[in-house]
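Worksheet for the structure shown next.
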Amino acid sequence: MTRVVVCGALGRMGTTVGRLVNDAPDLTLVGGIDVKPGNFFGVEVVESAAMDTLLAEVKPDVVIDFTVASAAVENIKRSARHGAALVVGTTGFSPEQRTEIAASIQGKVPAVISSNFSIGVNIFWQLIRNAASMLPEYDIEVLEAHHRYKKDAPSGTAKTILQILDEEVGERKKFYGREGMMERGREIGVHVIRGGDIVGDHTVLFAGNFETIELSHRAYDRSVFAQGALKAARWVAGKKPGIYGMNDVLSLGIAASK
Ligand SMILES: NC(=O)c1ccc[n+]([C@@H]2O[C@H](COP(=O)([O-])OP(=O)(O)OC[C@H]3O[C@@H](n4cnc5c(N)ncnc54)[C@H](O)[C@@H]3O)[C@@H](O)[C@H]2O)c1
């Protein structure tokens with residue numbers, strides 16, 4: 001039995017992950033952490049100040065984090081100190097926070113970190129890589145849409161898309177939204193929509209003369225991310241210390257999926 005603690009237990013993703021862990025015969029939900037204490041699926045949720053005490057008590061094999069970037073950095077440090085493997089879905093990390101995370105994990109615990117745990121998105125990233133490598137002269141635009149409560153923009157998934165495009169067509173200037181008079185250059189346009197309860201839509205548009213190609217992924221339910229996070233939790237327990245991506249979990253043999 002793999003023992004799991006969820007950080008961000010009372011949030012949208014944390015609740016979904018908690019429900020799936022609770023239903024899984026091979027996983028045991030042993031605790032939750034959030035800003036305020038509470039309960040989820042018959043298990044105690046403690047406030048973040050009590051995280052060390054909880055981890056010492058319940059000794060999880062894996063901590064799954066879906067919180068906010070600043071909180072996740074601290075949660076990762078604490079989990080690593082307690083020897084728990086990590087699955088990190090939180091997005092919006094700055095380059096400095098990524099360095100801090102790497103320093104707290106390296107040589108201590110294994111961690112799967114991904115801006116998107118859906119299997120479909122990990123395949124979608126590979127399709128974008130293939131298309132971009134064959135269409136370096138085409139204009140490229142990236143569009144993403146999420147629910148009204150999403151805080152970071154563009155999404156972590158869109159940032160991974162931009163990283164893949166840079167790797168395939170060479171680094172291009174990013175243009176975040178357009179307004180006023182301007183000529184299109186070699187930039188990549190990035191467009192962010194926030195509204196309603198959109199779970200997560202991403203499109204990459206390749207535009208040439210007389211034709212366009214659009215690659216799109218649409219998530220209909222956040223359980224698609226939670227299922228991927230559970231897959232990662234099963235995989236990561238017992239692995240060698242280091243940072244892994246969903247590409248490692250899924251054995252996709254692709255480069256960028258963080
Ligand atoms: N990687 C993926 O596949 C994927 C999928 C969906 C969402 N996300 C990301 O997951 C994160 C959470 O998304 P959400 O929609 O569940 O957000 P949410 O706001 O519904 O939930 C976040 C939860 O974290 C809690 N929290 C804040 N600080 C905390 C702390 N110090 N300790 C413990 N808990 C704390 C909040 O109280 C809240 O309950 C976001 O960064 C989002 O972009 C990633």
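A few points about this structure:
- Inter-residue pairs, beta-carbon under 8 Å, first crowded, with 22+ Cβ neighbours inside 10 Å and in the range 1-20, second assigned to a helix (DSSP H, G or I) and β-branched (Val, Ile, Thr), 6+ apart: 4/21; 5/58; 6/17; 6/21; 9/15
- Qualifying residue in the range 86-93 (condition: closer than 13 Å to residue 65 by Cβ, modelled with pLDDT of 95 or more, aromatic (Phe, Trp, Tyr) and surrounded by 20 or more Cβ atoms within 10 Å (Cβ to Cβ)): yes
- Annotation: residue 91 fulfils all but one of (1) closer than 20 Å to residue 229 by Cα; (2) more than 21 Å from the chain's Cα centre (by Cα); (3) not in a helix (DSSP H, G or I); the unmet one is (2).
- Residue count for the range 21-36, restricted to those that are within 13 Å of the ligand (Cβ to nearest atom) and in contact (Cβ under 8 Å) with a residue 40 or more places away in the chain: 1
- Top-ranked residue of the range 80-115 - restricted to ones that are polar (S, T, N, Q) and touching a residue at least 40 places away in the same chain (Cβ under 8 Å), ranked as farthest from the ligand (Cβ to nearest atom): 106
- Subset of the range 135-149 (residues that are within 11 Å of the ligand (Cβ to nearest atom) and surrounded by 18 or more Cβ atoms within 10 Å (Cβ to Cβ)): 146
- Sub-6 Å Cβ pairs linking a first residue in the range 37-63 that is on the phi > 0 side of the Ramachandran plot to a second residue that is at pLDDT 95 or above and not hydrophobic (A, V, I, L, M, F, W, C), at least 6 apart or interchain, are 41/18; 41/22, ordered by first then second residue.
The values are calculated or read from the model by the stated rules, or taken from the named source; none is laboratory data. Please read all numbers here as calculations on a predicted model, not as lab measurements. Here the Cβ is made from the backbone with ideal geometry for all residues, glycine too, and neighbour counts use every protein chain on show.
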